[in-house]
Amino acid sequence: MSVSEVVEVWSPAATLHAWDPPSEPVLNVRRCRSADTAVVLGSRQGPELLDPEALALAGVDLVRRSSGGGLVMVDDELAVWVDVWLPSRTGSVTDDVRASMNLIGQAWVGALTAVEPDLAARLEVHAGGVTRGAWEELVCFAGLGPGEVLLDGRKLVGLSQRRSRDWSRIQCQIHTTATTAFPSELLAASARPAEAGPPTIAWLPRSIVESAVAGLPAALRTA
């Protein structure tokens, strides 16, 4: 399968989350740069999970994505966002949701270790199912799903997927600064789980991550 080079796209978060597949059936890698800071709801989540006054005070927009999963904070200064578009082909990895997620996770490991070989012993692709729990079901980076990448046992690369007859779109995020899975002060009081959290998550320096993004098409070719 042919793979395009990385395309960089600047737009508001809501625009970047719109369904906008490539014009040609070629595996496409987009480096998405959000022009605003936003909380992104999963397809089955509602705005009642957030505190509107806290969002307004922090200058954070509220948008929705069409893929499932939990809340995600989009801030181009704190994390790197990449969309991978896989054209659907009968008999290929795109026939299997888990296999396509694992493909992306393995490609991330390949791209990251190509930049920083010492990471090879510290990175792992989650081979199990979706983890369950109050924080896990509320916030994307609190839980794990197939294909997501861990660094020293903590989630590093978060993934979500939406599929159509022609395309699988896998959205990826990786943090470049120390943070928790989600800023709990933005949650509505009624939505905050009783369990302690949210957990801290893994991160890598931006120079490593951006270099890995540039190498992701090559890693996908190999995968």
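The values are calculated or read from the model by the stated rules, or taken from the named source; none is laboratory data. Everything quoted here is computed from the prediction, not taken from an experiment. Note that we place each Cβ from the backbone using ideal geometry, even for glycine, and neighbour counts take in every protein chain shown. What goes into the accessible areas is simple: the full protein's heavy atoms, side chains included, and nothing from ligands, DNA or RNA. Shrake-Rupley method; radii C 1.70, N 1.55, O 1.52, S 1.80 Å.
Odds and ends about this structure:
- Residues satisfying the stated conditions in the range 195-209, i.e. in a loop (DSSP other than H, G, I, E, B), open to solvent by 60 Å² or more (accessible area, probe 1.4 Å) and touching a residue at least 60 places away in the same chain (Cβ under 8 Å): E195
- Residue within the range 184-194 that is at pLDDT 95 or above, part of a loop (DSSP other than H, G, I, E, B) and more than 11 Å from the chain's Cα centre (by Cα) present: yes
- In the condition set (1) open to solvent by 70 Å² or more (accessible area, probe 1.4 Å); (2) part of a helix (DSSP H, G or I); (3) touching a helix residue (DSSP H, G or I) at 6+ places or on another chain (Cβ under 8 Å), T113 is compliant with all but (1).
- Being among the aliphatic types (A, V, I, L, M), within 26 Å of R154 (Cα to Cα) and touching a residue at least 40 places away in the same chain (Cβ under 8 Å) is a property that A114 has.
- Residues considered: A120, A127. Of these, the only one that is surrounded by fewer than 21 Cβ atoms within 10 Å (Cβ to Cβ), out of contact with any strand residue (DSSP E or B) (no Cβ under 9 Å at 6 or more places or on another chain) and outside any loop (DSSP other than H, G, I, E, B) is A120.
- Only one of the listed residues (R169, R162) is open to solvent by 20 Å² or more (accessible area, probe 1.4 Å), part of a strand (DSSP E or B) and either out of contact with any helix residue (DSSP H, G or I) (no Cβ under 6 Å at 6 or more places or on another chain) or at pLDDT below 95 (or both). That residue is R162.
- All conditions but one from (1) touching a Gly at 6+ places or on another chain (Cβ under 9 Å); (2) open to solvent by 20 Å² or more (accessible area, probe 1.4 Å) apply to L138; the one that does not is (2).
- Complete set of residues in the range 174-194 that are touching a residue at least 40 places away in the same chain (Cβ under 8 Å), open to solvent by 20 Å² or more (accessible area, probe 1.4 Å) and farther than 17 Å from P47 by Cβ: T177, T179, P193, A194
- Of all residues in the range 149-160, none are without any contact (Cβ under 8 Å) to a residue 40 or more places away in the chain and within 20 Å of S34 (Cβ to Cβ).
- The one condition in (1) modelled with pLDDT of 95 or more; (2) open to solvent by less than 50 Å² (accessible area, probe 1.4 Å); (3) over 15 Å from the mean Cα position of the chain (by Cα); (4) not acidic (D, E) that A212 fails to fulfil: (3)
- Flag if V93 is surrounded by 16 or more Cβ atoms within 10 Å (Cβ to Cβ) and at pLDDT below 95: yes
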